[in-house]
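Chemist: Dropping the structure in here first, questions after.
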Amino acid sequence: MNELSNLEFLLFVVVSIFCGLSFRFSLGYAKQLWSQTYHYNLTFSLLPAITMVITTLIAGNIALSLGMIGALSIVRFRNPVKNPFELVIFFGLITIGIAMAINYKYGIGLTVIMNLSIIIFKFFDNFFEKRGKKIFSYSFEEGNQLNILQIRSKKKIAIIEKHPKINELFIDNKNQIFSYELFFETKKELNEFKEKIENQADIEDLQVRYAQ
């Protein structure tokens, strides 16, 4: 990578962005609704490019590598991962960025393999489903295709914790962060509940994902 011109390096950065963004379409085919939001699309696009640039900067320089590790240790991911597959996708995006910095063929090859794996698994799932068989079980979210309300607050909120369809509760007592995920059968039901709680001072963030 050190022998590349600035224009060639910029080209590879753009290629890494498109490699990451390609997961949006394969995951969309697999009906993974969590991947269709604005935030995840930006994550898919930017994470490989950022990783590629970092890997290029610290390559062959031990002192810079140690300094970069110390600087990056300050960055903390406070948003809980919803399922193991989501974690695998993030790890894959980081690996693609590293591979692009070493040899672009590895990065593109890994992108193709991961996308094909997602598409092929979903193809066989659809194939057997049409014949009345199920080879995979679905999670609560995937099987019911419900409307989702994700909430992050600074304190516990009783009305949320008592909700009958709370799927996840993540608590970070050290940093006073409480994350909730609620399910609703209809958009109207979700919007009514959202209106009840959105004015509470302790709520830091509300995200809505409607069923398609």
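Chemist: Would you be able to say whether some residue in region 77-84 is modelled with pLDDT of 70 or more and assigned by TED's automatic domain parsing to the domain that holds Arg24?
Modeler: Within region 77-84, one or more residues are modelled with pLDDT of 70 or more and assigned by TED's automatic domain parsing to the domain that holds Arg24.
Chemist: Within region 79-108, how many residues turn out to be part of a helix (DSSP H, G or I), of a type outside the set (Asp, Glu) and surrounded by 14 or more Cβ atoms within 10 Å (Cβ to Cβ)?
Modeler: 18
Chemist: Name the single residue, out of those in region 23-41 being surrounded by 15 or more Cβ atoms within 10 Å (Cβ to Cβ) and either within 20 Å of Met52 (Cβ to Cβ) or in contact with a Gly (Cβ under 8 Å, 6 or more places away or on another chain) (or both), that is modelled with the highest pLDDT.
Modeler: If we take residues in region 23-41 being surrounded by 15 or more Cβ atoms within 10 Å (Cβ to Cβ) and either within 20 Å of Met52 (Cβ to Cβ) or in contact with a Gly (Cβ under 8 Å, 6 or more places away or on another chain) (or both), then Phe23 is modelled with the highest pLDDT.
Chemist: Let me ask you something else. With the requirement that a residue be part of a helix (DSSP H, G or I) and over 21 Å from Lys156 (Cα atoms), what does region 179-212 give you?
Modeler: Selection gives Lys187, Lys188, Glu189.
Chemist: Would it be correct to say that Lys155 is at pLDDT 80 or above and either farther than 25 Å from Leu33 by Cα or part of a strand (DSSP E or B) (or both)?
Modeler: yes
Chemist: Then there is this: Can you find a residue that is over 18 Å from the mean Cα position of the chain (by Cα), more than 19 Å from Asn83 (Cα to Cα) and either assigned to a loop (DSSP other than H, G, I, E, B) or at pLDDT 80 or above (or both) anywhere in region 165-174?
Modeler: Yes, that holds for at least one residue.
The values are calculated or read from the model by the stated rules, or taken from the named source; none is laboratory data. It should be emphasised that the depicted structure is a prediction, and the values quoted were computed from it without experimental measurement. As a convention, Cβ positions derive from the backbone with ideal geometry for all residues, glycine included, and neighbour counts pool all protein chains shown.
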